[in-house]
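Report on the following structure.
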Protein chains: 2
Amino acid sequence: MVIVGAGFGGLQAAKTLGRAHNVRVTVVDRYNHHLFQPLLYQVATAVLNPADISAPIRSVLHARNTEVLLAEAKSVDPRRKVLIVEGGEIPYDSLVLATGATHSYFKHPEWAQVAPGLKTLEDAVRIRERVLTAFEAAERESDPVRQRQWMTFVIIGAGPTGVELAGALSYMTRHGLPKDFRRIDTREARVVLLEGLPRVLSAYPEELSEAAKRDLEKLHVEVRTGALVTGIDGEGVTFGDEHIATRTVMWGAGVAASPLVRSLDVPLDRAGRVKVSPRLTAPGLDDVYVIGDVAAAEHDGKPVPGIAPAAMQMGRHVGKTIRDRLAGRPMKAFRYHDKGSFAVIGRGYAVGLLYDKWRMKGLPAWLVWAGVHIAYLIGFRNRASVMLNWGYTFFTKGGRDMRLITGNVVKRMPALASPTQAPALPAPARPEPPASRPAPVH
Amino acid sequence: MVIVGAGFGGLQAAKTLGRAHNVRVTVVDRYNHHLFQPLLYQVATAVLNPADISAPIRSVLHARNTEVLLAEAKSVDPRRKVLIVEGGEIPYDSLVLATGATHSYFKHPEWAQVAPGLKTLEDAVRIRERVLTAFEAAERESDPVRQRQWMTFVIIGAGPTGVELAGALSYMTRHGLPKDFRRIDTREARVVLLEGLPRVLSAYPEELSEAAKRDLEKLHVEVRTGALVTGIDGEGVTFGDEHIATRTVMWGAGVAASPLVRSLDVPLDRAGRVKVSPRLTAPGLDDVYVIGDVAAAEHDGKPVPGIAPAAMQMGRHVGKTIRDRLAGRPMKAFRYHDKGSFAVIGRGYAVGLLYDKWRMKGLPAWLVWAGVHIAYLIGFRNRASVMLNWGYTFFTKGGRDMRLITGNVVKRMPALASPTQAPALPAPARPEPPASRPAPVH
């Protein structure tokens, strides 16, 4: 039994099989940690630590029958029944593919460089660094046009990730950062959210999309729907006949299945996902299960959404299916239970749908969201640390001490103004020393 | 007033001057955060988060007369009175150089690649990644000789950093990691501490050096004193006529002053530090103060040690000197107050010297150390988070959920054994499934 990918789906499959004594399980992942992706945007916006939302796979899967291997899966050879990884091959009897999704830049792979997406911890740390570096550069910049460009942030795609990132980022420019800078007023930063479809959060009921848009605008996010992006480079973003000058673009638009499943040579849907059977196997391959974001599964004729709870349910289902099969019990078809989904807009408010019927918004939605996320985090330390950091951020209205640029980014800084101007430069815009006291430069 | 470097010394100088209304202060640093270096080894050994031991400089220095600039200082031109940074020049009236120390690989700059030191957050994250990756590689490795090499760790230099790193690393191999692996027993890992001088912690009284050595050996660290390293490469370390095969070497030996002070063209000591006047100015340059690890200061004929409290005292002294000078008050010579210094050996024990006379060891020393470090951390969130993480690590005897390899390291993994062997390979060494239950591979 080989499981590829220790995301929400793979981890549940491994845990379910960890209780079976007649199975030996090998979990293969290219990272050593399980990542709680729904909170990744909070690492990107300096609210949480990388370690708060991740757990080493080895420490989560401690069942005696389970082995963990740090390796990158390259392809599957279903005839020889081997998984090919960087540096070797792993034979399997049953295979579970749970490799998740990656970004899709449609037909513009070159956009990946200038508009990073948010899927891994490295992505999150990179976005945090870019955003903070942009403000540092704006503070140093003497040309007002370029300064404006540094202080403009564009997020492409208004799904949950884009909405959450835009809300958190705009909040930060208004509440956490202003006191830190002398020459720029971070409250003048523009956060623009571009969406090609007619509304934000298009997977939600229209009423909630409208509430989300209103709340984002209250947070000073400029929401532009029906905006199809045609160009992105280091200087800005073009959509329709408009151009926004910016140095910082983030990508939350296209999602495609991870490419590993292509090697199965089975029918895929447009997003590259395997059209799985009701038992979540790949067509024609009874011993290859495909779950989570790489599976195009259906339930009652409707597609199962690409969200964490769905992946977890699929993982558990596959684990049980394998146990049933070994015990000679009849195997069941997968049934998806829609418990709901939520998107956070800002400090203490969210929108969401509970059990596919109750629409929630504002603080009640945020409380449900927060409770569920704390409950599903792995480990006591992570829960305690997330609560500490949320509490701190909440009560300090955007506490400032996680604003970490780990890397050395000085090379990216603009040149200083001429020596006579800098740094005793144009008197700081805000805040002035009291006029009553003389302030000769020493 | 320009201050270069926001370490312990620079930050104290800036804070002291932040209360003066007739001074304008510019703090220049190439990172956006102040780093609490004494706890850096705990980031390297997966006990603390990077953000726990750092604070954004802007959030610490919020006085109205103080400006912060993210820039790398290149040189000083004392005649023109300008500081030259990457991308521009900054004129100064007075200059405080507090740029700290860097590693010295004696005459072997090529060792820097294979034996990283521990000075920045990037260093710490890199060492954490290397150590964890070595265990992942050992788990995959089928050749026992190479496996042994992966499981050998060499730390060069038994000053406080080396001792603390060795103790924490060895503790981790015995208490945190063993349950995580199936093929290797991490308790068999070798942690070797090499020191060229005849004893560890040579700045401490002999009695404490001996206590430290005994305690390290209780933690299974192999301590080798009088061991002069003559060769380091990707395969191992050579000293005397011995060779230790290892893939993971860490450097805690030589320290040299940061090179910026060379541009002053004043006499330097062998470690590249400026021989400062009693007022902490560079010889012949009354408006250039040099403090912290770049200063070779003396007090009562004895050298002031290169530790955080000394740097802080120098920073405060310079701040007061400048205020005195502006107020026309007489300026005072710097006096160093030795409050003590401590080195942690393992979970709950340390050795140290309080007020240069009381020798402490064991738990009392650890408690003083822990109290002082919590007290000197910056900000409520950092203190709370460090206490949470220490408490968690202490009570779980090396909790396992910070073991994060953020980067993608799969390329560094050794090849798998031939497909027939892996991963159903030699039956896992430990722990076996109970013999009473049949364990056919599914």
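The values are calculated or read from the model by the stated rules, or taken from the named source; none is laboratory data. Since this is a predicted model, take the numbers as computed values, not measurements. Here the Cβ positions follow ideal geometry from the backbone for every residue, glycine too, while neighbour counts run over all protein chains shown.
For segment A:155-190, a residue qualifies if it is of a type in the set (K, R) and either crowded, with 21+ Cβ neighbours inside 10 Å or not in a helix (DSSP H, G or I) (or both), and the qualifying residues are A:R182, A:R183, A:R190. Within segment B:248-299, which residues are assigned to a strand (DSSP E or B) and in contact with a Gly (Cβ under 6 Å, 6 or more places away or on another chain)? Within segment B:248-299, B:W251, B:A256, B:A257 qualify. Residues in segment B:16-30 that are more than 7 Å from chain A (Cβ to nearest Cβ) and of a type in the set (S, T, Y): B:T16 only.
Among the conditions (1) surrounded by fewer than 18 Cβ atoms within 10 Å (Cβ to Cβ); (2) in contact with an Asp or Glu (Cβ under 9 Å, 6 or more places away or on another chain); (3) assigned by TED's automatic domain parsing to the domain that holds B:L11, B:V85 misses just one, which is (1). Examine segment B:294-307 for a residue that is of a type in the set (D, E), in contact with a Lys or Arg (Cβ under 8 Å, 6 or more places away or on another chain) and either modelled with pLDDT under 95 or farther than 16 Å from B:G159 by Cβ (or both), and state whether such a residue exists. Scanning segment B:294-307 turns up no residue that is of a type in the set (D, E), in contact with a Lys or Arg (Cβ under 8 Å, 6 or more places away or on another chain) and either modelled with pLDDT under 95 or farther than 16 Å from B:G159 by Cβ (or both). Exactly one residue among B:P309, B:P305 is under 30 Å from B:D215 (Cα atoms) and part of a helix (DSSP H, G or I), and that residue is B:P309.
When B:T45 is tested against (1) crowded, with 23+ Cβ neighbours inside 10 Å; (2) more than 8 Å from every other protein chain (Cβ to nearest Cβ); (3) within 20 Å of B:P309 (Cα to Cα), just one condition goes unmet, and that condition is (3).
Determine if segment A:375-396 includes at least one residue that is over 22 Å from the mean Cα position of the chain (by Cα) and of a type in the set (S, T, N, Q). Yes, the conditions are met somewhere in segment A:375-396.
Residue-wise test of (1) charged (D, E, K, R); (2) in a strand (DSSP E or B); (3) farther than 23 Å from B:L39 by Cα.
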site: B:E89; (1), (2), (3): yes, yes, yes
site: B:F106; (1), (2), (3): no, no, yes
site: B:V125; (1), (2), (3): no, no, no
site: B:F135; (1), (2), (3): no, no, yes
site: B:V145; (1), (2), (3): no, no, yes
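Here is the figure for segment B:355-381: residues that are modelled with pLDDT of 85 or more and within 14 Å of another protein chain (Cβ to nearest Cβ) total 1. Pairs linking a residue in segment B:218-232 that is within 10 Å of B:I156 (Cα to Cα) to a residue that is assigned to a helix (DSSP H, G or I), with Cβ atoms under 9 Å and 6 or more positions apart or on different chains, are B:V229/B:W111.
Taking segment A:158-207, which residues are away from chain B (no Cβ under 14 Å) and basic (K, R)? Passing the criteria: A:R174, A:R187, A:R190, A:R199.
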